[in-house]
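Nothing in this text is a laboratory measurement; each read-out follows from the coordinates by a stated rule. All values derive from a computational prediction rather than experimental measurement. Positions of Cβ are backbone-derived with ideal geometry, glycine not excepted, and every protein chain shown enters the neighbour counts.
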Amino acid sequence: MVSVDRPTRGYRVFQKVNGVVLTLVVIVTLYPFVNIVARSFSGERQIRAGEVTLWPKGFDLTTYEVVLRDEMFWRNYGNTVLYTAVSTAVAMVLTTCYAYVLSKRQLKGRGFLVTVAVFTMFFTGGLIPTYVLITSLGLKNTVWALALPNAISVFNLLVMKAFFESLPAELEEAAQIDGLSTYGILLRIVLPLSKAVVATMVLFYSVSFWNSWFGAFLYLDRSELMPVTVYLRNLIAGATGGAGAGAGAEQLSQTAANIQAVTIVLTSLPILCVYPFVQRYFVSGVMLGAVKG
Amino acid sequence: MPAENPGKLSRRQVLAAAGSAGLAALTGCGSGDDGGDAKDLSKKRNGAMREYRVGQQFKATRPLTFDVLHNDNPVYPLRDDWLFWKELTRRTGVTLKPIGVPLSDYEKKRSVMIGAGDAPFLIPKTYHPSETAFVSSGAILAVSDYVHLMPHFRDKVAKWRLEPELDSIRQSDGRFYLLPGLHEKVRSGYSLALRTDVLGRLGLDPPTTWDQVHEVFRAIKEEYPDRYPLSDRWSTNTPYPAAALMSYLGQAYGVRAGWSYDNISFDRRAEKFVFTGATDGYRQMVGYLRKLVAEKLMDPESFTQTDDEAVQKLLGEKSFAISANPQELVQNYRYNLERQVEGSAIEMIPVPLGPAGPVVLGGARLENGVMIAGKALRSDDFVALMQFVDWLWYSDEGQRFARWGVQGVTHTRSGGEYRLEPGISLMGSDPDAEKDLQKDYGFYNGVFAYGGSWDLVSSMFGPDEQRFQDVMSRREQLPVDPAHPLRSVEQEQASLWDTPLRDHVTQNTLKFALGKRPLSEWDAYVSELTAKNMRHLVDLHNRAYERFRKENG
């Protein structure tokens, strides 16, 4: 057990190399993001000339002003928060219930239920039939059009199922003997033990709902209902599209160069702030889901 | 954008889905299926005017409401309190209910809504030939059958002799399904912009022919041997390299090139269709480009660089000429040059002349237009709907209203001069103004304002564009290619041949221009085209042309 007291030479070399490689990886991943942030604060000319690298050049807040001054931006941002919260809540309830049921080996028809879920991974109803369905259910222009169709992600479902399967069955048996009902077991025993996977799933779901735009674009008809992703997508299209009656007021062509950077910063900021807090669970969650006990 | 978004589909997939599902969902909506004779409109006159003639204000006899698909432009986001909506209802008795669709993905949503049978009656901002995808399902109306309800439309078509242009959008059944924006004259968009201060310093006049352009570039090159006189843009985000330059250069040689390129074009003398990329005019045009590149007068990167890179070279005085449109000239080149290069001046010259003389290519007098949903025909309000469309998009009064708004509120008009009311700005015309004609009032909105008389269209030009268009509008417009609609089977075959041929032309145009392939190999290039079914494609179109001529006179 030499290695415990004094690491071997090989191990020390490995650690150094490891450190260097990982630092490089960090730089490579961090650079684009820092660059985007720098661009978002830079002047149009400097960006076009390719002068902006790590630090803003020709400090300019016009684009932030244009975007932030817009009432519609804030309303759509609020929509995004609401849609993400509702969708994630719905998705978590449904996915947890489904996954918990599937984790019980004694369940009759379990194979069939898994197949039903997996089937939807490979085959979808198609764009127009789905649209017709949502429309005839009267979900158009409501949050449910966004929350329900994607409420269960099969990938997340399977990860959660694997996690539940890894919990010792003895715990639940003990709870049963103590008189807890099925729901009681789920709520008081299983879920408190599953914080890691729940946090991970919340993160997965909320990031994907936060970023999604297609459903909203398809099922919402009024700009005041749109999430911020659609707003920004449209803003970029308008800034780069150019031609046509009345496109491109001076103000907008002025900001075209860094508008992309600003939008990326503004949309990824909140999710970025959440990450550090969930990260602890996230790491153990992914590990636990992956390796069955 | 999330990569795992399950709804993310390519436009082609969406169109295919729209086509096939539309067929299934909408076979009941064809023009013949309304429980009676489709041509009998006597029961569909709810709200319609009994007498509606040219010059008359349309006013529905009872209040009507129509849904309209609204392309939501971020420059002037859709608002319910626009004066446009209120005043429109006051004048016509019609309330328009807009369904806002972000501009970024307008076509996609339009396809889905039409395919699902959920489209509103009015579907504006449709560019030909995108309506073709919906024709076979019957989801959209063959509007040509109902233009007798539209006196202003017919009046403008007759007055401005637009029949040949309309023929060009007819489908193989001889009808058209799109009510396009109608222009009295071609509005030229692009030309060459030159640093006039540099020309002045070298004692040169702005060139008027392509030969003079060549001389001017040579003089600039002598003065600045290490720089390229021309470094061009519009090579990315378009399938063609230097797409704008080739388009207006091709015009000087009487051929469609660059982003106007079409494999098939009509030869007036031979009275038949020929293959554009193999014509003599096209070869001459390529030869001219080669000359510019070979003498290092044109930056070879022109064909590949991004717009930003090209503009950056102009602003950094690494080049002195670039393709322009009036908007880019004023808002980008001049605006930035003034801040970066002292004493600089840049002007856009009228398109230089070439062997074809003072001409502009035909066919540009139709703009994007309105589709009407097929189900509108079953509505009791159908006649009123058509009359309303006719008034808003095709009457002088309606067009003026859509562009300039309400006299005395947004603008004043004396003679042919329009003036915005104080405190109202249009596209930055008055930076201190509190209100904006587009953003705050909803006028000059791309959804409703297009086409029109030359007086009306030119009333919105800035001084630069006015000068440019004055010269261009005096040039002769080449006739439009005659109608030759393909049947759907032919269409499929044609598109199989079309793309490889087009790619081959584009690639070799670039090779010839850059000197990677000598022009002496032109004949070899033409035989390569033949091997790619060039003759078959031309024959197919000529057969369609003969057939259409026989069937429709």
| query | If eta is 1.002 mPa s and T is 20 °C, what Stokes-Einstein diffusion coefficient results for the range B:70-198, Kirkwood Rh from Cα pairs, in µm²/s? | reply | 122 µm²/s
| query | Once both axes come from the Cα atoms, what is the angle between helix A:228-241 and the longest principal axis of chain A, in degrees from 0 to 90, rounded to 10? | reply | 30 degrees
| said: Quick check on chain B: helices-only [θ] at 222 nm, where DSSP H runs of length 4 and up contribute -39,500 (n - 2.57) each and the sum goes over total residues. Nearest 500, please. | reply: -11000 deg cm²/dmol
| task | Among A:S208, A:L102, B:A142, flag the residue with its Cα farthest along the positive direction of the charge dipole of the protein assembly as shown, charges on Cβ as +1 for Lys/Arg and -1 for Asp/Glu. | result | A:L102
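Could you give me D for chain B, from Stokes-Einstein at 10 °C and 1.306 mPa s, where the hydrodynamic radius is the Kirkwood radius over C-alpha pairs? Units µm² s⁻¹, please.
Values: Rh = 25.6 Å.
Estimated via Stokes-Einstein, D reaches 62 µm²/s.
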| task | Calculate how steeply helix A:9-40 sits against the longest principal axis of the alpha-carbon atoms of chain A, using the helix alpha-carbon long axis, and give the answer as 0 to 90 degrees to the nearest 10. | result | 50 degrees
| Considering every residue in A:121-131, what mean count of other chain Cβ atoms within 10 Å of its Cβ is obtained? | 5
| Hey, can you rank B:463-474, B:505-516 by average C-beta count inside 10 Å, highest first? | B:505-516, B:463-474
| Dipole of chain B [Lys/Arg +1, Asp/Glu -1 at C-beta], most positive-end residue of B:L353, B:T276, B:L182 | B:L182
| message | Between 0 and 90 degrees, rounded to the nearest ten: what's the tilt of helix A:250-290 against the longest Cα principal axis of chain A? | response | 10 degrees
| query | Which value, in Å³ per residue, describes the convex hull spanned by the Cα atoms of the range B:283-413? | reply | 243 Å³
| remark: Expected integer from the mean partner chain Cβ neighbour count at 10 Å over B:109-116 is 4
| request: Determine the alpha carbon to alpha carbon distance for each of B:K43/B:K125; B:K272/B:K511; B:K375/B:K550; A:K140/B:K108; B:K86/B:K109; B:K59/B:K185 and list only those over 22 Å. | output: B:K43/B:K125; B:K272/B:K511; B:K375/B:K550; B:K86/B:K109; B:K59/B:K185
| request: Treat every Asp and Glu Cβ in the range A:53-112 as -1 and every Lys and Arg Cβ as +1, leave all other atoms uncharged, and give the resulting dipole magnitude about the Cα centre to the nearest 20 debye. | output: 760 debye
| query | Helices from chain B with mean Kyte-Doolittle at least -1.0 and a Cα length along the axis of 24 Å or more, per DSSP H: which? | reply | B:488-514
| query | Are there GluC sites (Glu not before Pro) in the range B:240-315 that DSSP marks as loop and that have at most 10 other Cβ atoms within 10 Å, and which are they? | reply | B:E271
| request: Check the straight Cα-Cα distances from B:K159 and name the aspartates and glutamates below 14 Å, setting aside those fewer than 8 residues away within the same chain. | output: B:E184, B:D396
| Around B:P422: net Lys/Arg minus Asp/Glu count, Cβ-Cβ under 13 Å | -2
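Using +1 on the beta carbon of Lys and Arg, -1 on that of Asp and Glu, and nothing else charged, what's the dipole of the protein assembly as shown about the Cα centre, debye to 20?
Values: 91 positive and 89 negative charges, 364 e Å.
With Lys and Arg at +1 and Asp and Glu at -1, about 1740 debye.
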| note | Yeah, the range B:274-335 with a ≥ b ≥ c from its alpha-carbon gyration tensor (a/c under 1.5 is rounded, else prolate when a/b outruns b/c, oblate otherwise) is prolate
| task | Determine ³J(HN,Hα), in whole Hz, for all residues of the range B:186-196 in sequence, where each value follows from phi through the Karplus function 6.51 cos²θ - 1.76 cosθ + 1.60 and θ = phi - 60°; x replaces Gly and Pro. | result | 5, 9, 6, x, 10, 7, 8, 10, 10, 6, 5
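What dipole magnitude, in Debye to the nearest 20, does chain B give about its Cα centre under +1 on Lys/Arg Cβ and -1 on Asp/Glu Cβ?
On the way: 69 positive and 74 negative charges, 227 e Å.
Around 1080 debye, computed over chain B.
Mind checking B:312-323 for the average number of partner chain beta-carbons within 10 Å of each residue's beta-carbon?
Numbers: counts 4, 0, 0, 3, 1, 0, 0, 0, 0, 0, 0, 0.
Across the residues of B:312-323, the mean count of other-chain Cβ atoms within 10 Å is 1.
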| remark: Taking only the Cα positions of the protein assembly as shown, the convex hull volume per residue in Å³ is 231 Å³
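Relative contact order for chain A: what percent, with Cα pairs under 8 Å and sequence separation of 6 or more?
Working: 267 pairs, mean separation 82.6, N = 293.
For chain A, the relative contact order is 28 percent.
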| For the protein assembly as shown, with +1 on Lys and Arg beta carbons and -1 on Asp and Glu, the positive-most of A:I177, A:S40, A:V132 along the dipole | A:I177
| request: Take each of the peptides B:480-491, B:202-213, average the number of other beta-carbon atoms within 10 Å over its residues, and list them starting from the highest. | output: B:480-491, B:202-213
| field | Under 5 Å, built H, 5+ apart or other chain: amide partners of B:I140 | value | B:G374
